[in-house]
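Take a look at the structure set out below.
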2 protein chains.
Amino acid sequence: MDIFSKCYSFTRADEVKAAGVYPYFRAIEQNEGPVVKIGGREVIMAGSNNYHGLTTHPKVLEAALEATKKYGTGCSGSRYLTGTLDLHIKLEEKLAKFLNKEAVLLFSTGYQTAQGIIPTLVNKGDYIISDKDNHASIVAGNIMAKGIFAEHVRYKHNDVEDLERVLKQIPDSAGKLVATDGVFSTTGEIAALDGIVKACKKYGARLLVDDAHSLGVIGKGGRGTASEFGLDSEVDMIMGTFSKTLSSLGGYVAGEERIINFLKHHSSALIFSASPTPASVAAAMAALEILDSEPERVQRLSSNASKVRKALTEMGFHVLEGSTPIVPVILGEDTLTFTFWRKLFDNGIFVNAFVSPGVPQNLSMLRTSYMATHEDKHLNRIIEVFGEIGKEMGIIK
Amino acid sequence: MDIFSKCYSFTRADEVKAAGVYPYFRAIEQNEGPVVKIGGREVIMAGSNNYHGLTTHPKVLEAALEATKKYGTGCSGSRYLTGTLDLHIKLEEKLAKFLNKEAVLLFSTGYQTAQGIIPTLVNKGDYIISDKDNHASIVAGNIMAKGIFAEHVRYKHNDVEDLERVLKQIPDSAGKLVATDGVFSTTGEIAALDGIVKACKKYGARLLVDDAHSLGVIGKGGRGTASEFGLDSEVDMIMGTFSKTLSSLGGYVAGEERIINFLKHHSSALIFSASPTPASVAAAMAALEILDSEPERVQRLSSNASKVRKALTEMGFHVLEGSTPIVPVILGEDTLTFTFWRKLFDNGIFVNAFVSPGVPQNLSMLRTSYMATHEDKHLNRIIEVFGEIGKEMGIIK
């Protein structure tokens, strides 16, 4: 059998394209944060993870430009061998201080970070215990752990009772790591961290929290999920990314120095991957400094999202409740979602269409997300256009 | 059992540090290509993958700076959703043309590229057939495929007969993907591509070649392994990285349009990871243009490495034969390798120490590698210092 046959018979994308409603891989020609240029036209971006709009902040730009001039455009090696700059170490120290952890280790992408941690710590005979709705990067880490004969079990989404049920069945003699998103990426829901921490302690499990969508978003001054619950010192490892609040590309894990030291010397995803570029590290550092010195930005981000969430809910849309910048509008049917997406796009609004099998068909949604740099004029326009299309399509009255 | 106990009991790195010969995670303070600054001191770099020294080339720098100014410091989303720039598409087209393939897909790191391909194509019931010395990124992809119940088999390193033996045992009804490094990263050895291609065709397997260390290094104008053998159209997929010849951070796969289209819509490592930064894409594009317009650079790279390989061999070192810029000097014992490394470093030469378990103890080596931008004064100094230390330590006469 030709292993490519699955590729030749895949036609769904062609069909959605032929229907004129294909929402993916749209090329952006200019990016100013809340407004981007696509197909020569200005479009309001309501689907980015650029939560603080810092990718074009003068201080962040300047830091990236200076680092490129000083160190060049890439490191040409892994952190382990020839790809460590003083810049990497400085950012690790700053992040550790900001997150109140002993040490931090950078990875080249957020996606790679989970697999830099999970299969490195969770070996044959150990257990990875994962929320069933965790991000794909944790799933990839879990699959790798399975591939080296670790045990992989999932608990019901954000269900502490089910987590306890799972933990209770694992032998005392096995190592146990529980992994959860801090803020779940599709829905914006916050993990029930108090219950999860208690369950971990009760059964001797260690806890990894993915704060990709939490840093800059929740917690004291945007310090993330553990901070939101006042459990900073109870969460064993916090991982995160540079590609959201921190405005570039890369990832990190924060924890005890001995754990970080072990990962540094055993993690394939670290040792065999070129390190984050000078520009990306410098940009992340500048973004972190801005977040640290201007914590009021976190409030602005929150109130921007609240404004849209409240308005769309009041208009009659099925909006998931929440308190993060992720505001999902459930349409519950793929074709409806693609069509609504296209009408929004034609009216100058860009959001993300999440359809099956990525989400269950009844959760097909327009996942919208907001930035601290959205102005009222942007938010009002988003609300207005949603209302017009919702009425036209008979989704709201 | 505490899953962290393996971390608390890991002491080898501390011991090597205490002995003063720890060679890893050395922080570089400035990077000029052949010469870097470490601890305030200028050191000749003889261990980088920056094969053409283009990370500081004026055109590459300029491209990265301009892209940062135009698009910002990051894309804040995946290619699939909000992270595609016209720049990504332009580089994909240029790479496809350069490699004479229908289409190219970019990934955020080279490391992630293999797992963006392998478990996406090799599903339950399919086979991934892998050279036993393939790079860790392919191994990670294989482990992920195993984790989703694909079959994983390995063949003896670069041994076409053994590959045939393995392929013969796989049922006709199963999909088969063979994966090999083009240039093996530790030794610089070139894959026996003619035999591998023949075996794949005979048994209906598709072939993936990792040209991370081949692009810019071998083949017509640096077009890689397939080109080196005149088999451009016979290799189904060529993957590679931006972090070596192309001077930034990212990866790519080149192949038939239908295969690339399938990967675009099914690859977790693509869909759930933020896209390569504007600076990295622009830098890679500029580096590719330089490689394309100045093919004589490939010859210079080759002759630089040959000069050192020949000199060290003649001096009596155990140097692996080869024709790539990777020149491994086998010392065959870890402590000896660490000690030699330290003496080189103290004399202003930086190379990579590869010890067990990364390589078998009897292959403990100083892995040196060269750039097109090394000048004769750098190469002569490397040869001179190797000679002095080799004599002092009684390794050569």
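Using the per-residue mean of other Cβ atoms lying within 10 Å as a proxy for protection, in what order, highest first, do the peptides A:165-172, B:56-63 fall?
Most protected by this proxy first, the peptides run B:56-63, A:165-172.
How would you classify segment B:275-339 from its alpha-carbon gyration tensor, with a ≥ b ≥ c the square roots of the eigenvalues: rounded for a/c under 1.5, else prolate if a/b is greater than b/c, otherwise oblate?
Judged from the Cα gyration tensor, segment B:275-339 comes out oblate (a/c at least 1.5, b/c at or above a/b).
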Peptide B:136-146 - average C-beta neighbours from other chains (10 Å radius): 5
Closest approach to the axis - chain A beta-carbon, rotation onto B, Å: A:Gly147, 2
Solvent exposure ordering (accessible area, 1.4 Å, most first) of B:Asp86, A:Asp210, B:Asp292: B:Asp292, B:Asp86, A:Asp210
Acute angle (nearest 10 degrees) that the helix B:86-99 long axis makes with the longest principal axis of chain B, alpha-carbon atoms: 80 degrees
If the label for A:Lys202 sits 7 angstrom from Cα along the Cα-to-Cβ line, what are its distances to the same label in every other copy, in nm to one decimal, shortest first? 6.1
Interchain or long-range residues, amide H under 5 Å from A:Gly251's placed H: A:Phe107, A:Ser108, A:Thr109, A:Gly110, A:Phe242
Once amide hydrogens are built 1.01 Å from N within the peptide plane, the residues lying 5 or more places from B:His318 or on another chain with amide H under 5 Å from its amide H are B:Ile330
Determine the share of segment A:44-201's accessible area contributed by carbon and sulfur atoms, expressed in whole percent, with a 1.4 angstrom probe. 50 percent
Whenever you get a sec, line up A:Leu363, B:Leu105 from highest to lowest accessible area (probe 1.4 Å, protein heavy atoms). A:Leu363, B:Leu105
Run the reach check for A:Lys156 against lysines, Cα to Cα strictly under 20 Å, same-chain hits fewer than 8 apart removed. What comes back? A:Lys132, A:Lys146, A:Lys168, A:Lys176, A:Lys198, A:Lys201, A:Lys202
Taking A:Lys156 in one copy and the same position in all the others, each labelled 7 Å out along Cα→Cβ, what are the pairwise distances from the first, in nm, shortest first? 5.5
20 Å Cα-Cα reach of B:Lys310 towards lysines, excluding residues that sit fewer than 8 places from it in its own chain: B:Lys377, B:Lys391, B:Lys397
Tell me, what ³J(HN,Hα) does each residue in segment B:104-118 have, in order and in whole Hz, if you take phi through Karplus 6.51 cos²θ - 1.76 cosθ + 1.60 with θ = phi - 60° and put x for Gly and Pro? 9, 10, 8, 10, 7, 9, x, 4, 6, 4, 4, 7, x, 9, 4
How many nanometers, to one decimal and shortest first, lie between the label point of B:Glu256 and those of its other copies, if labels sit 7 Å from Cα toward Cβ? 5.2
Give a residue-ordered list of calculated ³J(HN,Hα) values for segment B:201-213 (Karplus: 6.51 cos²θ - 1.76 cosθ + 1.60, θ = phi - 60°; whole Hz; x for Gly, Pro). 5, 4, 10, x, 9, 8, 10, 10, 10, 8, 9, 3, 9
Karplus 3J(HN,Hα) series, Hz, for segment A:12-21 with 6.51 cos²θ - 1.76 cosθ + 1.60 (x for Gly, Pro): 4, 4, 4, 5, 5, 4, 4, 7, x, 10
Sequence-distant lysines (8 or more away, or on other chains) whose Cα lies within less than 16 Å of A:Lys69: A:Lys59, B:Lys37, B:Lys59, B:Lys69
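For B:175-181, what's the mean count of beta carbons from other chains sitting within 10 Å of each residue's beta carbon? Can you show the working numbers first?
Working: counts 6, 3, 2, 1, 0, 0, 0.
The shielding value for this peptide is 2.
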When you look at the Cβ of every residue in B:278-287, what mean number of other chain Cβ atoms sits within 10 Å? 4
How tilted is helix B:278-293 with respect to the longest principal axis of chain B? Cα atoms for both, answer in degrees (0 to 90, nearest 10). 80 degrees
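The values are calculated or read from the model by the stated rules, or taken from the named source; none is laboratory data. What you are looking at is a predicted structure, and each value in this text was computed from that prediction instead of being measured. Using ideal geometry, Cβ is built from the backbone for each residue, glycine included, and neighbour counts are taken over all protein chains shown. Surface areas here come from the heavy atoms of the whole protein model, side chains and all, with no ligands, DNA or RNA. Shrake-Rupley method; radii C 1.70, N 1.55, O 1.52, S 1.80 Å.
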